[in-house]
1. Based on this model, can you work out whether Gly133 counts as of a type in the set (Gly, Ala, Ser), surrounded by 13 or more Cβ atoms within 10 Å (Cβ to Cβ), modelled with pLDDT under 90 and outside any helix (DSSP H, G or I)?
2. Any residue in region 217-244 that's within 15 Å of Ile169 (Cβ to Cβ) and among the charged types (D, E, K, R): show its pairings with residues that are away from ligand 1 (no atom under 16 Å from the Cβ) and open to solvent by 80 Å² or more (accessible area, probe 1.4 Å) at Cβ separation under 6 Å, as long as the two are six or more apart or on different chains.
3. Restricting the search to region 414-449, which residues are part of a loop (DSSP other than H, G, I, E, B), hydrophobic (A, V, I, L, M, F, W, C) and closer than 17 Å to His344 by Cα?
4. Among the numbered criteria (1) open to solvent by 30 Å² or more (accessible area, probe 1.4 Å); (2) assigned to a helix (DSSP H, G or I), which one does Leu70 miss?
5. Tell me, please, whether a residue that is open to solvent by 10 Å² or more (accessible area, probe 1.4 Å) and more than 16 Å from the chain's Cα centre (by Cα) can be found in region 526-548.
6. Go through Lys167, Lys177 for me and flag whichever is more than 15 Å from ligand 3 (Cβ to nearest atom) and either touching a Lys or Arg at 6+ places or on another chain (Cβ under 7 Å) or not in a helix (DSSP H, G or I) (or both).
7. Enumerate the pairs (first residue in region 119-139 and on the phi > 0 side of the Ramachandran plot; second residue anywhere and in a helix (DSSP H, G or I)) with beta-carbon separation below 8 Å, excluding pairs fewer than 6 apart on the same chain, so at least 6 apart or on different chains.
8. Filter region 116-130 down to the residues that are of a type in the set (D, E, K, R) and under 31 Å from the mean Cα position of the chain (by Cα), then identify the one that is most open to solvent (accessible area, probe 1.4 Å).
Amino acid sequence: MKNKLVADLLYQIADLLDIKGEIFFKTRAYRIAAQNIEVLTEDIEVLAKENRLKNINGVGEALSLKIKELFETGKIQYYEKLKKEIPKGALELLDISGLGPKKVSILFNTLNISNIEYLKKACIEGKLRNLDGFGEITERNILRGISLKEKTSGRILLNIAYETGEKYINYLNKYDKIDKISVAGSFRRMKETIGDLDLIVSSNSPHKVMEYFIKYPKVKRILLMGNTKTSVLLENNIQVDLRVIEDKSFGAALQYFTGSKEHNVKIRGIANKKGYKLNEYGLYNKENGNFVVGKTENEIYQKLKLRFIEPEIRENRGEIEAAFSNILPKLVKYDDIKGDFHMHSTWSDGNNTIEELALFSKKLGYKYIGIADHSESLKIANGLNSEKIKKKINEIEKINSKISDIEVFCGTECEIKKNGRLDYDKNILKKIDFVGIAIHSSFKTNKKDLTDRIISAMQNEYVDYLAHPTCRIIGRREPLDIDIKKIFEAAVETNTYLEINAFPDRLDLNDLNIRHAKDIGVKFIIGTDSHNINHLNFMRYGIATARRGWLEKKDIINTYSKEKIDIIFRR
Ligand code: DGT
Ligand code: CA
Ligand code: CA
């Protein structure tokens, strides 16, 4: 299906139009169409052939012609022309926190700023402050945004790495000269951002495997081709390193290249003390150089008198000591999750109906889901007033009687107001099954006020969980300046679950915070914050983050049975 490709193209047209300075409604039309194409269950190419493009919400005559043109000629002239008008670097400006499309357009059209480097220079020289709608504060904010982006630049979000890696592995799996295949590096450890992708393969024909590896259609450049390692750059600018190794060394290579470096340094030290030498080919006897083990990671850890350590926690944060004393946590598993309580429907700013969300969730094997649409004051996200809440409750009742084997709960992602009160009053809160709370605006107060604001909201008796507690967005927004320990303590006191938001640019709480919170006694809930059915698959990144935070099944309430959830939520 080319749905994703078409959607991406329309998003790019919208971005380009933004920079050109087109009116909001025009660019929004492209984005709405793109969103609806992303969530189509039918193949868009089939729709094009059967002249049914206009059945897609948001696709009118003009757009349907463009999509047809794409399938017939492989190109959209309009898009090609826009790309010529607007340099690539200008598009990157849209990624900088503190810069909306309107400002980017002004910068490009008045000062001809067409990349981040020029922008930085212009800010430092104070050239922006005299532009309409800009000031010294804007310059400072932009510089902060640039430095935030620089910190993560060159690194990609986990979901992009995951999707890219998955496709590459599917391709490699088709080759019969490959015996075993595994991901390694930060990708296998499921870190929130990934520098490059590492793959390990066992084979008796390394050279042939390398040849097959570089023939992958998405390879843009070959960076290096050696006897054991080959590196390529893909069209999406992600670097992939492949190591091919003999089967007897597969586990040793996997252990070595999974890292982290800090974990490995310590493991090698232990090997050394026990009279071994450990490298990427195996565990060897130090005296006579004889090969001891290497085929599996487990054998290596066993020889070192350690329990097997899951990749997600190999960061030298106490896991080696815990493995030695046999007190490693029994990490939550990727299939332990029974439902998702953070998804938005068409009632607020989601792209799918509650019924579509329920049916898709059922396919994922979930036993229950919770619809957490935005509350009234979040107007930009189409937050629900009390009238709509009542209607939504009715709709959910109908869906529950219609669809079997999955239970839909009616909830909210309720705004925490500036004074720490909730956006809905008691009469509404008691009618719905669960209440998630969150902040989406007015962040910029002092640390104490912000902390107090969140805690006083947590004290509301109807509140069940705090969504994306620190509000960070990777590469775009720093975590809120709050007293996180106090929040953890309040969570325990008020019996409020803290969310691990699984949306790939949030992953909030992060691994380290999760571990601190767990030590204090916090319980968690993993939510995807889905705005369409495709986002429901983000759950795996939330689970990965929970595992990196050493969580067990019992720490996470959406691993519980439906009966238990009923008791927790249906008051
Ligand atoms: P990344 O790619 O920056 O997200 O992080 P990693 O952990 O994937 O690092 P990468 O790709 O440079 O190397 C993969 C693994 O190989 C790394 O986790 C540990 C191992 N490794 C790489 N270089 C060294 C080294 O100089 N010493 C040791 N002990 N291990 C290394
Ligand atoms: Ca890597
Ligand atoms: Ca690498």
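The values are calculated or read from the model by the stated rules, or taken from the named source; none is laboratory data. Keep in mind that what you see is a predicted model, and the values were worked out from it rather than measured. FYI the Cβ positions are ideal-geometry reconstructions off the backbone, even for glycines, and counts take in every protein chain you see. SASA here: full protein model, heavy atoms, side chains in, ligands and nucleic acids out. Shrake-Rupley method; radii C 1.70, N 1.55, O 1.52, S 1.80 Å.
1. So Gly133 does not fit the description; no.
2. So the pair list comes out as Lys218/Glu235.
3. Answer for region 414-449, where residues must be part of a loop (DSSP other than H, G, I, E, B), hydrophobic (A, V, I, L, M, F, W, C) and closer than 17 Å to His344 by Cα: Ile432, Ile439.
4. With (1) open to solvent by 30 Å² or more (accessible area, probe 1.4 Å); (2) assigned to a helix (DSSP H, G or I) applied to Leu70, the lone miss is (1).
5. Checking region 526-548: not a single residue is open to solvent by 10 Å² or more (accessible area, probe 1.4 Å) and more than 16 Å from the chain's Cα centre (by Cα).
6. None of the other options fit; the residue is Lys177.
7. Qualifying pairs under 8 Å: Gly126/Glu136; Gly126/Glu139; Gly133/Lys102; Gly133/Lys103; Gly133/Ile106.
8. Glu117
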